[in-house]
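Here's the structure we're looking at; comments come further down.
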Amino acid sequence: MLKSTLMKGAALVAALGFAASASATDLRIQTHFSQETLSGQLAAEFINDITTMSNGEINVEMFYASAVVKSAETFDAAATGILDCDMTGGAYQTGKNPAFQFAGDLMGGYTNPYQQLAWMLHGDGYAKLNELYNAHNMEFVGWWIPGPESLSSTAPIRNVEDFKNWKFRSPPGMATLVFANLGASPIVMDFNEIFTALETGIIDGADAANLTNNVGLGLYDIAEHTNFPGFHSMPADHLACRKDVWDGMPAHHQAIMKVAMQALALRNATANEVKNAQTAKDLRAKGINLYEWAPEELAKYRAAVKAGWTEFATTPESKALLQSHIDFLVALGAMQ
């Protein structure tokens, strides 16, 4: 009797062990942020969240500062199996389809992260984005949006006129079009090349991140001019995983990943709001020039952005995604 009971118990333990092993999810994820930046620290918290909530069933090998491939190559590296998930941003993939611009940054369309997240959560954004991502063998899992970015510059950036002949690091996508139309000279380069390019004078400034992350990148050690509050761009960093990897996860792992991304989004937006306010005080105390643009200058920029939307949306997918954003903004009363 005792022997039989022990054997049954051993069989149960073995079965449970097999079940735990069968439900394990191992992920290799790359982000373009370094561990030292606020975003890098928040990414680490996200990893801790999903590991804890899954009771260790989700295991992540995290690569910071684009350690495996360049930032813009992360999406393809995940789609082809070098990595499993991409934690950079959709706007890096505009070369595949301009629709990815509207999966990352509407450049002046939304005024704060909460509006843009509302489109994802309540404007059918998940489904709209995955129509695009699934066509490229990826699953869109979620956004985390730090808020409006601030430019860094070695010359004043007080108004649209100051953009003329201004050489700056630009992300790929619509930013190059909008700023070029305003007279600037955008140069697309990887995130981790910005500091050296500023230091050596290859560029006069950078469209990189918000105030706090710009400090983390060391940009204000060289560039003594910036703008705050930010207005020109509010990119959404995404988490996207290879489709077969995502589909192979148990349903509870998928739910953990999505809910943890939504928690990260809230933590990210609120942390950056607090941090940027303090960073602005610190930068002023150090003699950095912070410019708040006048309403008439903001209007000039936004007119250029709206024209850029139409000019950039050249495929059926990009037109559909842009229209979805516009319809939502109009419904919110944030746009006419």
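Any residue in the stretch 86-97 that is in a loop (DSSP other than H, G, I, E, B) and β-branched (Val, Ile, Thr)?
Among the residues of the stretch 86-97, at least one is in a loop (DSSP other than H, G, I, E, B) and β-branched (Val, Ile, Thr), which makes the answer yes.
Within the stretch 137-161, can you find the residues that are of a type in the set (D, E, K, R) and either surrounded by 21 or more Cβ atoms within 10 Å (Cβ to Cβ) or closer than 27 Å to Cys241 by Cβ (or both)?
Glu139, Glu149, listed by residue number.
When you go through Thr80, Thr88 one by one, which is the residue that is buried (at least 21 other Cβ atoms within 10 Å of the Cβ) and modelled with pLDDT of 95 or more?
Answer to the selection: Thr88.
Can you tell me which residues in the stretch 111-147 are within 30 Å of Ile222 (Cβ to Cβ) and at pLDDT below 95?
The answer is Thr111, Asn112, Pro146, Gly147.
When the residues of the stretch 25-66 are narrowed to those that are assigned to a loop (DSSP other than H, G, I, E, B), in contact with a strand residue (DSSP E or B) (Cβ under 7 Å, 6 or more places away or on another chain) and not charged (D, E, K, R), which ends up surrounded by the most Cβ atoms within 10 Å (Cβ to Cβ)?
Once the filter is applied, the top-ranked residue is Ser66.
Scan the stretch 166-179 and tell me whether some residue there is under 23 Å from Asn213 (Cα atoms), modelled with pLDDT of 95 or more, touching a Gly at 6+ places or on another chain (Cβ under 6 Å) and not in a helix (DSSP H, G or I).
Yes.
This table checks each residue for (1) in the same structural domain as Phe179 (by TED's automatic domain parsing); (2) touching a helix residue (DSSP H, G or I) at 6+ places or on another chain (Cβ under 6 Å).
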site	(1), (2)
Gly230	yes, no
Val245	no, no
Gly248	no, no
Ala255	no, no
Ala260	no, yes
Leu264	no, yes
Ala269	no, yes
Lys281	no, no
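Specify the residue that is nearest to Met107 (Cα to Cα); the eligible residues are those in the stretch 308-333 that are surrounded by 14 or more Cβ atoms within 10 Å (Cβ to Cβ) and among the small types (Gly, Ala, Ser).
Gly308
Just to check your reading of the model, which residue among Val305, Val259, Val245 is surrounded by 13 or more Cβ atoms within 10 Å (Cβ to Cβ) and touching an Asp or Glu at 6+ places or on another chain (Cβ under 6 Å)?
Answer to the check: Val245.
Give me the pairs, please: first residue somewhere in the stretch 125-150 and under 30 Å from Ala280 (Cα atoms), second residue anywhere and among the hydroxyl-bearing types (Ser, Thr, Tyr) and assigned to a loop (DSSP other than H, G, I, E, B), beta-carbon distance under 6 Å, and either six or more positions apart or on two chains.
Within 6 Å, the pairs are Glu149/Ser233.
The values are calculated or read from the model by the stated rules, or taken from the named source; none is laboratory data. None of these values were measured; they are calculated from a predicted model. Ideal geometry is used to build each Cβ from the backbone, glycine not excepted, and the neighbour counts take in all protein chains shown.
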